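Enquirer: Quick one: the structure is below, and I'll ask about it shortly.
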Amino acid sequence: MKASPYLIFNGNCEDAIRFYEKAFSTKANCCKYKDTPPNEHYPIKPGTEEFVMHGIIPIGNSAIYLADTTPDQPAAFGNGSFACVELDNAEAVKAAFEVLKEGGKVFCEAQETFWNKCYAELEDKFGLKWSIMTLEECTCTDECVSGYNPDCTCTASGCHCREK
């Protein structure tokens, strides 16, 4: 099973896709409104023909989905939500961070923390907040795998399940 964010933009999704392709060294697939089959129940609104109807940005074994909304239904990213991406190593985190911070606001520079080998947090120029970190998997016990054991604290310095 997987869960993936679906990000909605206000006519600038294609710009965001190009930006995120650069940040995550990937290639997106997208379909524009003009490319969809005609449907009398869902006509294409004038001026939205070039908007992204559905986009997919693959990142490792996961994906981020994106689309534009129409001007009559504007969208905004929420203050309490972040897109979280786990990358294979610190170099990938730092590379993504360097791109995503362009024109944005940095909350936490890409750095080692007590809970992760490389973690960064920012808001990009599109207003989306990101939490970017290295992928770290706990291997200490079966019940601790993936950090679902509330008594476990897996950090960059190792697993601390048995310290309690």
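The values are calculated or read from the model by the stated rules, or taken from the named source; none is laboratory data. All of these numbers come straight from a predicted model, not from anything done at the bench. Cβ coordinates were reconstructed from backbone atoms using ideal geometry, including for glycine residues, and neighbour counts include every protein chain displayed.
Enquirer: ALA76 versus (1) surrounded by 10 or more Cβ atoms within 10 Å (Cβ to Cβ); (2) closer than 30 Å to THR134 by Cα: which is the lone unmet condition?
Expert: With respect to (1) surrounded by 10 or more Cβ atoms within 10 Å (Cβ to Cβ); (2) closer than 30 Å to THR134 by Cα, ALA76 is out only on (1).
Enquirer: Now for a separate question. Quick one: would you say LYS101 is out of contact with any Pro (no Cβ under 6 Å at 6 or more places or on another chain) and either at pLDDT 60 or above or within 17 Å of GLU21 (Cα to Cα) (or both)?
Expert: When the stated conditions are applied, LYS101 passes them.
Enquirer: Tally the residues that are touching a Ser or Thr at 6+ places or on another chain (Cβ under 9 Å), part of a helix (DSSP H, G or I) and within 21 Å of SER81 (Cβ to Cβ), restricting the search to segment 94-118.
Expert: 1
Enquirer: Now for a different question. If PHE77 meets every condition in (1) closer than 15 Å to LEU7 by Cβ; (2) over 13 Å from the mean Cα position of the chain (by Cα); (3) of a type outside the set (Ser, Thr, Tyr) apart from one, which number is that one?
Expert: Of (1) closer than 15 Å to LEU7 by Cβ; (2) over 13 Å from the mean Cα position of the chain (by Cα); (3) of a type outside the set (Ser, Thr, Tyr), only one is false for PHE77: (2).
Enquirer: Which residues, counting only those in segment 35-49, are surrounded by fewer than 18 Cβ atoms within 10 Å (Cβ to Cβ), over 28 Å from ALA3 (Cα atoms) and not aliphatic (A, V, I, L, M)?
Expert: Passing the criteria: PRO38, ASN39, GLU40, HIS41, PRO43, LYS45, PRO46, GLY47, GLU49.
Enquirer: Looking only at segment 76-93, decide whether some residue is among the β-branched types (Val, Ile, Thr), part of a helix (DSSP H, G or I) and at pLDDT 95 or above. If you could, list the steps in order and put the result at the bottom.
Expert: Of all residues in segment 76-93, those among the β-branched types (Val, Ile, Thr) come to 85, 93.
In the following step, the residues that additionally are part of a helix (DSSP H, G or I) were identified as 93.
When the remaining residues are screened for being at pLDDT 95 or above, the result is 93.
Scanning segment 76-93 turns up at least one residue that is among the β-branched types (Val, Ile, Thr), part of a helix (DSSP H, G or I) and at pLDDT 95 or above.
Enquirer: Given the structure, is ASP124 acidic (Asp, Glu) and modelled with pLDDT under 95?
Expert: On the way: acidic (Asp, Glu): yes; modelled with pLDDT under 95: no.
Spelling it out, it is not the case that ASP124 is acidic (Asp, Glu) and modelled with pLDDT under 95.
Enquirer: Which ones in segment 19-34 are surrounded by fewer than 12 Cβ atoms within 10 Å (Cβ to Cβ) and either of a type in the set (A, V, I, L, M) or closer than 30 Å to LYS101 by Cβ (or both)?
Expert: Selection gives LYS27, ASN29.
Enquirer: Within segment 104-129, restricting attention to residues that are within 16 Å of TYR20 (Cα to Cα) and among the acidic types (Asp, Glu), which residue is surrounded by the most Cβ atoms within 10 Å (Cβ to Cβ)?
Expert: ASP124
Enquirer: Residue pairs, Cβ under 8 Å, 6 or more apart or interchain, first in segment 83-106 and of a type in the set (Phe, Trp, Tyr), second surrounded by fewer than 18 Cβ atoms within 10 Å (Cβ to Cβ) and part of a strand (DSSP E or B). List them.
Expert: From segment 83-106, the pairs are PHE97/GLU109.
Enquirer: Among the strands (runs of 3 or more DSSP E) contained in segment 1-62, which hold 1 or more residues that are touching a residue at least 60 places away in the same chain (Cβ under 8 Å), under 24 Å from GLU123 (Cα atoms) and under 14 Å from the mean Cα position of the chain (by Cα)?
Expert: 6-9
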